[in-house]
Amino acid sequence: MAELKTAVSRLRRELAAHPAEFPDRGTAEDELAALAEMAGGGTPEIPRLRRSLLLVAGSIGSVSALAAGLAAVRSAVDLFGEQPRH
């Protein structure tokens with residue numbers, strides 16, 4: 001949880017400081033807020049973590065200045081393991 005909190009916090013700060021506007025910035029901010037909330041409250045739902053990660057990646061994936069922060073969030077989400085297959 002600590003690694004997820006740290007990575008999400010870092011990416012939120014980087015996104016807030018990034019000067020360029022882009023169409024899905026609001027989506028990225030909303031999903032990072034959701035990830036921060038999940039990281040702060042007990043055991044998160046892995047499918048929801050992964051969904052938020054995908055939405056953030058889709059929203060800011062083309063902004064190279066945020067690539068390292070996004071990779072850190074992805075690594076932190078991956079620590080929770082794979083989502084169970086049905």
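Whether any residue in segment 27-45 is in contact (Cβ under 8 Å) with a residue 12 or more places away in the chain, under 20 Å from residue 1 (Cβ atoms) and among the hydroxyl-bearing types (Ser, Thr, Tyr) is what I want to check.
No, segment 27-45 has no match at all.
Could you please find all residues in segment 1-26 being closer than 18 Å to residue 77 by Cα, in a helix (DSSP H, G or I) and in contact (Cβ under 8 Å) with a residue 24 or more places away in the chain?
Residues satisfying the conditions are 3, 4, 5, 6, 7, 8, 9, 10, 11, 12.
Residues being under 10 Å from the mean Cα position of the chain (by Cα) and aliphatic (A, V, I, L, M): count how many of those fall in segment 37-55.
Residues meeting the conditions: 4.
Values quoted throughout were computed directly from the atomic coordinates according to the rules given, and no laboratory measurement underlies them. Keep in mind it's a predicted model, so treat the numbers as computed, not measured. Virtual Cβ from ideal backbone geometry, glycine too; neighbours counted across all protein chains shown.
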